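Asks: Encoded as structure tokens, here's the structure I'll be asking about.
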Amino acid sequence: MLKTTIFIISTFLISFSREDKTDSIDRILENAETKTISQINEEIDKLVEKLDKNVQKEHREWKMRVEKEERQRKMRIFKALPKLSTKTQQKLIRIVMTQQNTQLTVGEKNRILTHIANSMDENTKRELLRNLNDRDLYSLIF
């Protein structure tokens, strides 16, 4: 899950990185587990500010796409919730509450989400996966 988040963040950054920026990107990513999503976003924004205008524009567009995808993800969760059993609803609510907690670091979110996933019985997992995908369930972006 942490790797997925880092991959999403790094996919954007690496596509625009230059040799002199690689160290900055690596530093952001290697310490990502100890930071909140907002701290990571702030560091990325500061790095992008140092790049050329085209990269800055593409970064803004990328952020808008990510925000749109997050709104769509939340809508899928909202629509799926009433279809789920009470037990599965409770697990899904725990997942969403963890994802939306802005005080937790990426590492803390990852550990909590892993614990939730590991504590689910197979029926609950199947029920969730029938209605949502892995990215919906275990996104750490926000």
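Asks: Please report how far the C-alpha centroid of the range 31-47 lies from that of the range 73-142, rounded to the nearest whole angstrom.
Replies: Cα centres, the range 31-47 to the range 73-142: 23 Å.
Asks: Continuing with this model, one more query. Mind jotting down the three principal axis lengths of the range 42-83 based on Cα atoms? Whole angstrom, largest first.
Replies: So the three principal-axis extents are 47, 18, 5 Å.
Asks: For the range 55-65, take each phi angle, set θ = phi - 60°, evaluate the Karplus expression 6.51 cos²θ - 1.76 cosθ + 1.60, and give the result in whole Hz per residue in order, putting x for glycine and proline.
Replies: 5, 4, 5, 5, 5, 4, 5, 4, 4, 5, 5
Asks: What is the set of long-range amide H partners of K35 at a cut-off below 5 Å, with H atoms built 1.01 Å from backbone N?
Replies: V106, G107
No value in this document is a laboratory result; all are computed from the given coordinates. Because the structure is a prediction, the values reported are computed rather than measured.
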